[in-house]
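Only one structure is covered here, and it is reproduced in the block below.
FYI, it's all coordinate maths here, none of it is from the lab. Being a predicted model, the structure only gives us computed values, none of them experimental. Backbone-built Cβ (ideal geometry, glycine too); neighbour counts: all protein chains shown.
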Amino acid sequence: MADVGNVIARGNVAVITGGAGGIGLAVAEVSTFVCDTASDAAVAELAEYTLATYGAVHLVFNNAGIVGVGDAWNGPIELWRKVVDINLFGVVHGIRSFLPIMNEQGVGHIVSTASMAGLVAMPLPVERMQRAASQTNPPTPFDEADAAPADGQN
């Protein structure tokens, strides 16, 4: 892509995964398309839908992500598969589906984001994680209920 031009302009098309909540919901508007980003075929279908509906795609925000809820070491391996399929392969599928389109049009940008959960392990009690996953405005990882006692012992 030699000359990217102004991809952030009125009338340009942006695809935002993870628009059901969090950052994606905060920036998404206009049209929705339900897509399982863990599925290569589903993301390819999203790319085809975008082209058929809007004729181009200028920006892609790979933003979908989840937190694995449960015991990562003793629980079922499916917990790991689900997290990796969405958080890692969702980004891979987004790039593989949309980059060829952008290369062909000669313009476009792909932005892949992760929450702090993608960078830092924050041990939380399983009950708190389950409660957080089921709420619209979940508690922060550092609520008073989870603070270490003043003597530093747990």
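Some notes on this structure:
- Annotation: extensible slack from Ala52 through Asp71 equals 2.6 nm (criterion: 0.36 nm per residue apart, minus Cα-Cα distance).
- Under 12 Å, Cβ to Cβ, from Val43 - net charge with Lys/Arg +1 and Asp/Glu -1: -4
- The peptide list 46-57, 69-80, put in order of mean Cβ contacts within 10 Å with the highest first, becomes 46-57, 69-80.
- Cβ-derived FRET efficiency at R0 30 Å, Leu79 paired with Ala114, nearest 0.05: 0.95
- Amide H contacts under 5 Å for Val60: Val15, His109, Ile110, Val111, restricted to partners 5 or more places along the chain or on a different chain, H placed in the peptide plane at 1.01 Å from N.
- For Ser31, Ser112, the sequence from fewest to most other C-beta atoms within 10 Å is Ser31, Ser112.
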